[in-house]
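Reading through the structure tokens given below for one structure.
The values are calculated or read from the model by the stated rules, or taken from the named source; none is laboratory data. Worth saying up front: this structure is predicted, and the values here are computed from it rather than measured. Neighbour counts are summed over all protein chains in view; Cβ atoms, including those assigned to glycine, are modelled from backbone coordinates with ideal geometry.
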Amino acid sequence: MSTSKLLDSEPDARDHAAHRTHRIKLAALTSIASKVVTIALQVFALPLALHALGVAKFGVYAMLGATLSWVTMAQVGIGPGLTLGISTSVAKGDTSAQSRYFSSALYMVGTVVAALCLVLLMCIWVLPVAALFGGKINPSVTPELRLDMTCLVIFLLTRIILSVFDAAQAGYQEQYICNLWATLGNILSLIALIFATRIHPTILTIIVAVNALPIIADVFNAARLIGWSHPALKPKLANFDWVLGKSLLGNGVAFSTVVASSYLMYSCSVLLIGRMHGPQSAATFAVLQQACNTALGTVVMFVQPLWPALNDAKSRSDRGWAVRASSKVTLFSMAYALAVGLVMAVFGHEIFKIWYHSRIDITEPLQICFGLYFVLAVWEYVHYNILIGMNNLLVPAVLMAVRSVVMLAMAPFLIDRFGDVGLAAALCLAQVLLSTWIFPLLVKRALSPTGFGLNLTAAT
């Protein structure tokens, strides 16, 4: 019997609920270490990049990332579906299904990534890329922009391929291993960033420093997964299963909708404010969003391990554990969100003044809006992830898409009247109108005695 089977079967024989709880605790503990390093990277990375590049070039860097962030949709939403599929197969003890899920997912994502890479590189080197920035960029920097975008595209697409391995690992409730490798990658990235900003600070060197070494760490983790931990997952064309592939693609539509919604909600907001008010405003908004994402990372490390654990509980009809786990995670997350949101709303200006040495000016109305926005974002995130674990995918995805469209519809008007504060208000209003109150109703339905065995959209 393989080591991976022993790890799964022994805890199952003792107590499935204890096993789930133990793996969540392991994931949370290693996430703390990973998050400390990640926060250190993000706390130092943006100020270092801002200081080295200057506000104008940093604004271009932020807009560049926002322009290409939609590339993550090349995963076609397969990752979370793969996690749930493997989790269900583990609960059933079906090793063959695990292998077929992984090979099907990897080959489909790889095909999409290869095609997208070819198209994007052709567009980057043929089209007038400076036009993407609303005429605010000097056309003379076009050759430099092309090289920056090429490098960023390659890094982003490589991460998409590697995310398939991470998703499979999550299905085994082994996020703690991913966290350890991520910690190593981020430590190396921070060291590289310090050297890059001191020796040769350009947009390209910043992109390489932030992305290259974490990717190398992910490659080693992927090799460990299929070479030692779960060798049955080694990708084989013979293991490609079109039936499972269609199932993954079906769920992928829902997850891709969420990714597209996130692009519209966040990346487009940076592009929009940049096009209407210039790189300085884009830099300010990008910094605030990054601060929220950094703070959200604490919630992520407790919530994401809940996906496969909830799915395992659902597969074994353990409703009591699912209800208790969901309640505890929601309570912790919202207590944290209220504390962070209050600090951001009251002391945001002083924090960013110290953090960025007065290069970023945060007004009082803007910091209040972002404090509220963070609380709303955590509320939405927690409930959405509970729904993922319960295999309720389609309705929440559609709601998030509608929420993003509503935000974009309001944003130009509010930006025109209130500037960057108007954009922050649009982010908050869109959530209040939809996900803030609808998501809790969906969670209540999914965890109810009558709804626990039902799916709005089945994952397998």
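Candidates Val405, Val382, Val340: the one that is within 14 Å of Thr436 (Cβ to Cβ) and either touching a residue at least 40 places away in the same chain (Cβ under 8 Å) or surrounded by 15 or more Cβ atoms within 10 Å (Cβ to Cβ) (or both) is Val382. Of all the numbered requirements in (1) within 18 Å of Ser87 (Cβ to Cβ); (2) modelled with pLDDT of 80 or more, Pro235 misses one, and that requirement is (1). Number of residues in the stretch 216-262 that are among the aromatic types (Phe, Trp, Tyr) and crowded, with 16+ Cβ neighbours inside 10 Å equals 2. Residue pairs whose Cβ atoms lie under 7 Å apart, sitting 6 or more positions apart in sequence or on different chains, and linking a residue in the stretch 198-218 that is modelled with pLDDT of 90 or more to a partner that is surrounded by fewer than 20 Cβ atoms within 10 Å (Cβ to Cβ) and among the aromatic types (Phe, Trp, Tyr), are Ile215/Phe155. Taking the conditions (1) closer than 17 Å to Leu387 by Cα; (2) modelled with pLDDT of 90 or more in turn, Ala313 satisfies each one other than (2).
With respect to Lys328, determine if the residue is assigned to a helix (DSSP H, G or I), over 20 Å from the mean Cα position of the chain (by Cα), surrounded by 15 or more Cβ atoms within 10 Å (Cβ to Cβ) and not hydrophobic (A, V, I, L, M, F, W, C). Break it down into steps so the answer makes sense when it comes.
Working: assigned to a helix (DSSP H, G or I): yes; over 20 Å from the mean Cα position of the chain (by Cα): yes; surrounded by 15 or more Cβ atoms within 10 Å (Cβ to Cβ): no; not hydrophobic (A, V, I, L, M, F, W, C): yes.
The answer is no for Lys328.
Pick out the one residue from Gly93, Gly110, Gly59, Gly79 that is crowded, with 18+ Cβ neighbours inside 10 Å and at pLDDT 70 or above.
The match here is Gly79.
Do we have Ser317 as surrounded by fewer than 18 Cβ atoms within 10 Å (Cβ to Cβ) and assigned to a loop (DSSP other than H, G, I, E, B) here? Yes; evaluated as a whole, the condition is true for this residue. Of everything in the stretch 139-185 that's assigned to a helix (DSSP H, G or I) and of a type in the set (Phe, Trp, Tyr), which residue is surrounded by the most Cβ atoms within 10 Å (Cβ to Cβ)? Restricting to residues being assigned to a helix (DSSP H, G or I) and of a type in the set (Phe, Trp, Tyr), the top hit is Phe165. Number of residues in the stretch 238-275 that are in contact with a helix residue (DSSP H, G or I) (Cβ under 8 Å, 6 or more places away or on another chain), in a helix (DSSP H, G or I) and charged (D, E, K, R) equals 1.
Against the condition more than 17 Å from Gly422 (Cα to Cα), surrounded by fewer than 20 Cβ atoms within 10 Å (Cβ to Cβ) and touching a Leu at 6+ places or on another chain (Cβ under 8 Å), how does Val323 come out, does it pass? Steps first, please.
Working: more than 17 Å from Gly422 (Cα to Cα): yes; surrounded by fewer than 20 Cβ atoms within 10 Å (Cβ to Cβ): yes; touching a Leu at 6+ places or on another chain (Cβ under 8 Å): yes.
So Val323 passes the test.
In summary, Thr450 fulfils each of the numbered conditions (1) in a helix (DSSP H, G or I); (2) without any contact (Cβ under 8 Å) to a residue 24 or more places away in the chain; (3) surrounded by fewer than 17 Cβ atoms within 10 Å (Cβ to Cβ) with the single exception of condition (1).
Going by the structure shown, is Ile226 aliphatic (A, V, I, L, M), at pLDDT 90 or above, over 12 Å from Phe165 (Cβ atoms) and within 26 Å of the chain's Cα centre (by Cα)?
On the way: aliphatic (A, V, I, L, M): yes; at pLDDT 90 or above: yes; over 12 Å from Phe165 (Cβ atoms): no; within 26 Å of the chain's Cα centre (by Cα): yes.
Taking the combined requirement at face value, the residue does not satisfy it.
Scoring Leu372 on the criteria (1) modelled with pLDDT under 90; (2) of a type in the set (A, V, I, L, M, F, W, C); (3) within 22 Å of the chain's Cα centre (by Cα) leaves a single failure, condition (1). Candidates are the residues of the stretch 386-413 that are of a type outside the set (A, V, I, L, M) and assigned to a loop (DSSP other than H, G, I, E, B); the one that is farthest from Pro80 (Cα to Cα) is Asn392.
Condition check ((1) modelled with pLDDT of 85 or more; (2) more than 27 Å from Leu408 (Cα to Cα); (3) among the hydroxyl-bearing types (Ser, Thr, Tyr); (4) surrounded by 18 or more Cβ atoms within 10 Å (Cβ to Cβ)) across all residues:
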residue: Ala286; (1), (2), (3), (4): no, no, no, yes
residue: Ala345; (1), (2), (3), (4): yes, no, no, yes
residue: His349; (1), (2), (3), (4): no, no, no, no
residue: Tyr356; (1), (2), (3), (4): no, yes, yes, yes
